[in-house]
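The values are calculated or read from the model by the stated rules, or taken from the named source; none is laboratory data. Values in this document were obtained by computation on a predicted structure and should not be read as measured data. Backbone-built Cβ (ideal geometry, glycine too); neighbour counts: all protein chains shown. Remember, those area values only see protein heavy atoms, side chains included, never the ligands or the DNA or RNA. Shrake-Rupley method; radii C 1.70, N 1.55, O 1.52, S 1.80 Å.
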Amino acid sequence: MEREVMEFDVIVVGAGPSGLSTACKLKQLANEKGQELNVCVLEKGSEVGAHILSGAVFETKALDELFPNWLELGAPLTTKVTEDHIYLLNNEQSATKLPNFMTPKTMHNTGNYITSMANLCRWMAEQAESLGVEVFPGFTAANVHYNEDGSVGGVITGDMGLSESGEQKDSYMPGMLLTAKYTVFAEGCRGHLGKQLMQKFELNKDVSPQHYAIGFKEIWDIPAEQHQEGLVVHTAGWPLNDATGGSYLYHAENNQVFVGLIVDLNYSNPHLSPFDEFQRLKHHPVIAETLKDGKRVTYGARAIAKGGFNSLPKMTFPGGLIVGCDAGTLNFSKIKGNHTAMKSGLIAAETLFDILSAETSDIKDPVEYTEAFKNSWLYDELYRSRNFGAAIHKFGNFIGGAYNTLDQNFFGGKLPFNIGDSTPDHACLKLAADSVKISYPKPDGVLSFDKLSSVFLSNTNHEEDQPCHLVLKDPSIPITVNLPKYDEPAQRYCPAGVYEIIENDAGEKQLQINGQNCVHCKTCDIKDPNQNINWVVPEGTGGPNYPNM
């Protein structure tokens, strides 16, 4: 197929914290040296920030390096953390507030900011454009383009105007071929091209499997008398009796709070519904007292890569790198991945600039990145937290939490142990017949809600007449394998009501995929027990349109 071709020095896939940091730093370095460097950023969302979802309590360490004068430049960081509260929820009514010395110091947030990462990324995109970066929202990177020698040579953007059956409609436009000397993949957790590159170049063959969680977030407007700007609340325990994880409640500016639940995806009970666990969490007095008489204004969900240091792949390959949450740089001991993602992007930019400044024009594997990464504070931070998630997976919230408090507070994360975590999340499900069924209360429409009304608040939209972006490798597996063995868990682990078991006219059960509801969380790609669901990009601009998540 003939495609329009555009050439760049560096293409960055994804306008999140890591991708925008990469692009900004590259142009800063080039501008300082008076060099021409053509850098573009592709973003699949309708605008920068549309697909960004994060808690977020933000640590400015990497931003301080990238833009030391970020305050003068108007970065949307105005709400400093004033207090940290951590609770153990004993049951649906009671809780124990934990003193700081009983919690890992990595959970303390003095000096950090409560912010919307969607808005911070929008601001970073403005800085990137002022530096000369070309930012293209609404363009999906659908496929990797390979050079004849097998190295990565860029990406092909998604075709537009294909019908559900794959036929060309009147509005058809073929995707463009974007070529580059180097391509940086910064797609976020479980990036679909990152997953392909891991397999092609065997980037993760010598490390532990990546582990994931699903993170929920809602923004609420609450009465002023219940609002305490700068307060950060975290909880562990109830309602997650059959899983590990925890919740957060951040008091942001303008009488808004960010509330959410993180559920580790290594849970074993196929009857568990992460969405419904989140909804009933909000009825606990620790949360409900803040939300009462408030109004929910936004909802979203996103998978989180939390395997940490022991799951980090080789991040380089001929013609490019993988950075940020695409590689899994999140520090779960802090429940933070934004500053670490940004630092990985800064290191990538410095590495590529040095290579591109050299006289040789040969495209190579930028392995210099690996050494620079090992010499950075990012490597040290992730190493010190290497056992955090594995300890909780193996020993549970209570004993694992005690180990992590000891390791972080008294040994600085350097206890001489490596706790293994070798079972992939998708392989953890027990049979439905051997698992306790969970009966969830009906939503009350005040604190708790159903999936469809929640998806409505995410502003999710897809062109309906297009190929389904949730591809079943074997269409028979949901009914012949997953339904009898696991009661088809996709009905419950999806936070958006995408997967339903229905009966056709002949009375036979079948899986219905409501792809237009998809909020791009990637949980189905991760948790399906047979790894039968492959998430690929839909048409550009499709998906959620988060305002300030």
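Of all the criteria given as (1) touching a residue at least 60 places away in the same chain (Cβ under 8 Å); (2) farther than 22 Å from ASP9 by Cβ, the one not satisfied by ALA180 is (2). Set side by side, the residues VAL13, VAL81, VAL41, VAL48 differ, and just one is closer than 26 Å to GLU218 by Cβ and surrounded by 22 or more Cβ atoms within 10 Å (Cβ to Cβ), which is VAL48. Taking the criterion of being of a type outside the set (Ser, Thr, Tyr), part of a loop (DSSP other than H, G, I, E, B) and either closer than 26 Å to ALA252 by Cβ or open to solvent by less than 50 Å² (accessible area, probe 1.4 Å) (or both), the only residue of the range 84-100 that qualifies is PRO99.
Going through (1) under 22 Å from ALA301 (Cα atoms); (2) open to solvent by less than 60 Å² (accessible area, probe 1.4 Å) one by one, ASP487 falls short only on (1).
Condition (residue is out of contact with any Asp or Glu (no Cβ under 6 Å at 6 or more places or on another chain), among the aromatic types (Phe, Trp, Tyr) and either closer than 20 Å to LYS334 by Cβ or open to solvent by less than 40 Å² (accessible area, probe 1.4 Å) (or both)) applied to the range 217-237: is it met by at least one residue? Yes, the conditions are met somewhere in the range 217-237. Within the range 51-77, the residues that satisfy the criterion of being among the polar types (S, T, N, Q) and open to solvent by less than 30 Å² (accessible area, probe 1.4 Å) are SER54, THR60.
The numbered conditions (1) among the acidic types (Asp, Glu); (2) within 23 Å of LYS282 (Cα to Cα); (3) part of a helix (DSSP H, G or I) are all true for GLU129 except (2). Evaluation of GLY413 against the conditions (1) at negative phi; (2) open to solvent by less than 60 Å² (accessible area, probe 1.4 Å); (3) not β-branched (Val, Ile, Thr) shows that the sole unmet condition is (1). Among residues of the range 16-35 being outside any loop (DSSP other than H, G, I, E, B) and open to solvent by 70 Å² or more (accessible area, probe 1.4 Å), the one that is farthest from ASN147 (Cα to Cα) is GLU32.
I need the full set of residues from the range 498-520 which are touching a strand residue (DSSP E or B) at 6+ places or on another chain (Cβ under 9 Å) and free of Cβ contacts under 8 Å to residues at least 40 places away in the same chain, in order please. Give the steps one after another, and end with the answer.
Within the range 498-520, the first condition is being touching a strand residue (DSSP E or B) at 6+ places or on another chain (Cβ under 9 Å), and the residues that meet it are 498-504, 509-516, 518-520.
Within the range 498-520, VAL498, TYR499, GLU500, ILE501, ILE502, GLU503, ASN504, LYS509, GLN510, LEU511, GLN512, ASN514 qualify.
Of all residues in the range 344-380, those being open to solvent by less than 20 Å² (accessible area, probe 1.4 Å) and within 20 Å of PRO17 (Cβ to Cβ) number 13. Among the residues making up the range 448-474, those that are among the polar types (S, T, N, Q), outside any loop (DSSP other than H, G, I, E, B) and open to solvent by 10 Å² or more (accessible area, probe 1.4 Å) are SER453, ASN461.
I'd like to know if the range 434-445 contains one or more residues that are more than 30 Å from TYR299 (Cα to Cα) and either open to solvent by 60 Å² or more (accessible area, probe 1.4 Å) or within 26 Å of the chain's Cα centre (by Cα) (or both). Yes, the range 434-445 contains at least one residue that is more than 30 Å from TYR299 (Cα to Cα) and either open to solvent by 60 Å² or more (accessible area, probe 1.4 Å) or within 26 Å of the chain's Cα centre (by Cα) (or both). Considering only residues in the range 246-261 that are touching a helix residue (DSSP H, G or I) at 6+ places or on another chain (Cβ under 8 Å) and open to solvent by 10 Å² or more (accessible area, probe 1.4 Å), the one that is nearest to PHE395 (Cα to Cα) turns out to be GLY246. Residue check: is LEU330 open to solvent by less than 10 Å² (accessible area, probe 1.4 Å) and modelled with pLDDT of 95 or more? Answer is no for this residue.
Could you go through the range 132-151 and let me know if any residue there is surrounded by fewer than 22 Cβ atoms within 10 Å (Cβ to Cβ), touching a Lys or Arg at 6+ places or on another chain (Cβ under 6 Å) and assigned to a loop (DSSP other than H, G, I, E, B). Checking the range 132-151: at least one residue is surrounded by fewer than 22 Cβ atoms within 10 Å (Cβ to Cβ), touching a Lys or Arg at 6+ places or on another chain (Cβ under 6 Å) and assigned to a loop (DSSP other than H, G, I, E, B). Of the set (1) of a type in the set (A, V, I, L, M); (2) surrounded by fewer than 18 Cβ atoms within 10 Å (Cβ to Cβ); (3) in a loop (DSSP other than H, G, I, E, B), all apply to MET6 but (3). Of the residues making up the range 63-86, those that are of a type in the set (A, V, I, L, M) and under 29 Å from THR541 (Cα atoms) are LEU63, LEU66, LEU73, ALA75, LEU77.
Based on this model, can you work out whether LYS522 counts as surrounded by 16 or more Cβ atoms within 10 Å (Cβ to Cβ), of a type in the set (Lys, Arg) and either touching a helix residue (DSSP H, G or I) at 6+ places or on another chain (Cβ under 7 Å) or over 22 Å from ASN269 (Cβ atoms) (or both)? For LYS522, the condition - surrounded by 16 or more Cβ atoms within 10 Å (Cβ to Cβ), of a type in the set (Lys, Arg) and either touching a helix residue (DSSP H, G or I) at 6+ places or on another chain (Cβ under 7 Å) or over 22 Å from ASN269 (Cβ atoms) (or both) - is not met. One residue stands out in the range 152-206 among those that are surrounded by 15 or more Cβ atoms within 10 Å (Cβ to Cβ) and hydroxyl-bearing (Ser, Thr, Tyr): the one that is nearest to MET1 (Cα to Cα), namely THR157.
Could you identify the single residue in THR103, THR110 that is open to solvent by 10 Å² or more (accessible area, probe 1.4 Å) and either more than 22 Å from GLY389 (Cβ to Cβ) or not charged (D, E, K, R) (or both)?
On the way: THR103 fails: open to solvent by 10 Å² or more (accessible area, probe 1.4 Å).
Result of the check over THR103, THR110: THR110.
Only residues that are in a helix (DSSP H, G or I) and either open to solvent by 10 Å² or more (accessible area, probe 1.4 Å) or of a type in the set (Gly, Ala, Ser) (or both) were counted in the range 280-321, giving 10. Just wondering, is there one or more residues in the range 1-11 that are at pLDDT 95 or above and closer than 17 Å to ASN119 by Cα? No, every residue in the range 1-11 fails to be at pLDDT 95 or above and closer than 17 Å to ASN119 by Cα.
Name the one entry in PRO547, PRO495 that is touching a strand residue (DSSP E or B) at 6+ places or on another chain (Cβ under 7 Å), open to solvent by 30 Å² or more (accessible area, probe 1.4 Å) and either assigned to a loop (DSSP other than H, G, I, E, B) or under 19 Å from ALA50 (Cα atoms) (or both). Write out each step before concluding.
Values: PRO495 fails: open to solvent by 30 Å² or more (accessible area, probe 1.4 Å).
The conditions single out PRO547.
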